[in-house]
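Down below is the structure, laid out as structure tokens.
The values are calculated or read from the model by the stated rules, or taken from the named source; none is laboratory data. Values in this document were obtained by computation on a predicted structure and should not be read as measured data. Backbone-built Cβ (ideal geometry, glycine too); neighbour counts: all protein chains shown. Surface accessibility is based on the protein's heavy atoms, side chains included, excluding ligands, DNA and RNA. Shrake-Rupley method; radii C 1.70, N 1.55, O 1.52, S 1.80 Å.
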Amino acid sequence: MPYLKESAGVFSCAYSPDGTSLAVGLRDGRINIYDTSTWMMTHTFQGHRECVNSIAYSPTGHQLLSGSDDKTVRLWDCKSGSCVFVLEGHTDEVWTVAFSPSGRQVASAGKDETVRLWNDQTGANLFVLAGHSGWIRCISYSPDGHAVVSVGFDGVIRFFDTQTGQLGEVWESQREDMMIVAYSPGGLEVVVGHENGELLLYNATTGKLTRKWRAHGGAVADLSFSPNSQWIATCSSDNTVKVWIAATGSVLSVFTGHSNCARKVAFSPNGLLLASCSEDCTIRLWSVSSLGTGMNVEGGSEPLTGVLFSPDGRVMLCDTWSGAVRQYDAVYGESCLPIFCGGSPVRCLAISPDGLRIASVGADNSVVAVWDIGASQADVFLRGHTEEVNAMAFSADSRWIATGSVDRTVRLWDARSGILDRVLEGHSNYVNCFLFSPNSHRIFSGSEDGTIRAWD
């Protein structure tokens, strides 16, 4: 979906309860508010002097809470954009803030190792909750508002009574590097994200660890349950955003697009959209996949042998048994005419990462056809292999096409002109698969000779 570009790194984001607004906190201390129907900026809240690490809407959507590196927590009136209270008391950076479910209390925590509870009507500091021996990264209220849970770098999950300020249960974690914690909407589970990329799911009643899995290759920066508790969204320093099936820990969707650490994720109130923000100065909007069928396209009377999406997801290509490649509008499911017919079942089909070129080869063919997307016929043919082509791929920069064949060679071609650049020899049997490295500098090929070869 479209994304919003900011002038500074975006460190926090939150939807209003009715889904009509999205608030984002920036590195330079500003908070910008967007109308989600038009995605126009409606307000800018200014007051924090340093990075806004965390923001949260009140249950009514009338107030906004923010915590900053400037050691303050601020409570804002959403209609006027004015600051109602500056909550002072923390002696170091504030990393996390939260509204209670009733909206009558707010919580904050951070680098000074304390959780602080405040009255949102008076701004009074109700309790200073101590006990952690390391920085506190995240806090979360239970759905009934009777408890607040906190995690950080000391390896302990602590629960506090929000009415008395007394320490409740203390759970020992398997690791010390806890980054984020959240209750499920039903209050039955507590999920914790770790710096090593793991997610740990606990039974909220017994404290028993029920499931854990490696979610990311980098630290889990944030997580959020969907409103129906079925999904868990995560984001990470590995730049990705992922959606998980909470009941099984299996991945539902992987979203790539951020070019720097993804800091925060937030489900829209209806659970259909996901917002993420990043240090790359963007806020990205994702359509969350469901397990149901979103589109059902009839492929005609002949069998379909493969399917491929364009990089932007708007075009879908289908291989057919006759060799015709059919193009579909993936948004509306509308069928287009066949755009190329090779005369035999399609063995391989590839689309360039820039979405401009398509390559295809038949099952008994040593010649690869290449054409512009939307064109009705190929304009370049890659001829050189002496036997059938088994595999092909575009480089990440869309400049090259690599092909592998039964003739045991890998060949590198200019994707635009079709000129053969080089022949890579060394495999002693069929070349069946390969891929380019993300920077396009290497090709990895796999063969029936039992080897994987890396080529410069």
Identity of the residue in the range 123-177, closer than 20 Å to Thr72 by Cβ and free of Cβ contacts under 8 Å to residues at least 24 places away in the same chain, that ends up farthest from the chain's Cα centre (by Cα): Ala124
Top-ranked residue in the range 1-52 [being free of Cβ contacts under 8 Å to residues at least 40 places away in the same chain and of a type in the set (A, V, I, L, M); ranked as nearest to Asn260 (Cα to Cα)]: Leu26
Single condition Asp144 does not satisfy, out of (1) open to solvent by 50 Å² or more (accessible area, probe 1.4 Å); (2) touching a strand residue (DSSP E or B) at 6+ places or on another chain (Cβ under 9 Å); (3) farther than 18 Å from Glu93 by Cβ: (2)
Matching residues, the range 186-224, being open to solvent by 20 Å² or more (accessible area, probe 1.4 Å), of a type in the set (A, V, I, L, M, F, W, C) and not in a loop (DSSP other than H, G, I, E, B): Leu209, Trp213, Ala221
Condition met for Asn390 (assigned to a loop (DSSP other than H, G, I, E, B), open to solvent by 10 Å² or more (accessible area, probe 1.4 Å) and of a type in the set (S, T, N, Q)): no
Residue match in the range 407-414 (condition: farther than 21 Å from Ala454 by Cβ, out of contact with any Leu (no Cβ under 9 Å at 6 or more places or on another chain) and in the same structural domain as Cys348 (by the TED database)): no
Conditions (1) part of a loop (DSSP other than H, G, I, E, B); (2) farther than 29 Å from Gly9 by Cα; (3) open to solvent by 30 Å² or more (accessible area, probe 1.4 Å): number failed by Asp238: (2)
Any strands (runs of 3 or more DSSP E) falling wholly within the range 7-50 and containing at least 1 residues that are open to solvent by 20 Å² or more (accessible area, probe 1.4 Å) and farther than 21 Å from Trp286 by Cα: 40-45
Yes/no for Thr72 being of a type in the set (Val, Ile, Thr), open to solvent by less than 30 Å² (accessible area, probe 1.4 Å) and in the same structural domain as Met41 (by the TED database): yes
Checklist (1) open to solvent by 30 Å² or more (accessible area, probe 1.4 Å); (2) at pLDDT 95 or above applied to Phe99, failing item: (1)
Subset tally (residues that are within 19 Å of Val346 (Cα to Cα) and out of contact with any strand residue (DSSP E or B) (no Cβ under 7 Å at 6 or more places or on another chain)) for the range 372-429: 4
Yes/no for Lys79 being out of contact with any strand residue (DSSP E or B) (no Cβ under 6 Å at 6 or more places or on another chain), outside any strand (DSSP E or B) and closer than 21 Å to His43 by Cα: yes
Breaking point among (1) buried (at least 18 other Cβ atoms within 10 Å of the Cβ); (2) of a type in the set (A, V, I, L, M); (3) closer than 19 Å to Leu308 by Cβ, for Ala396: (1)
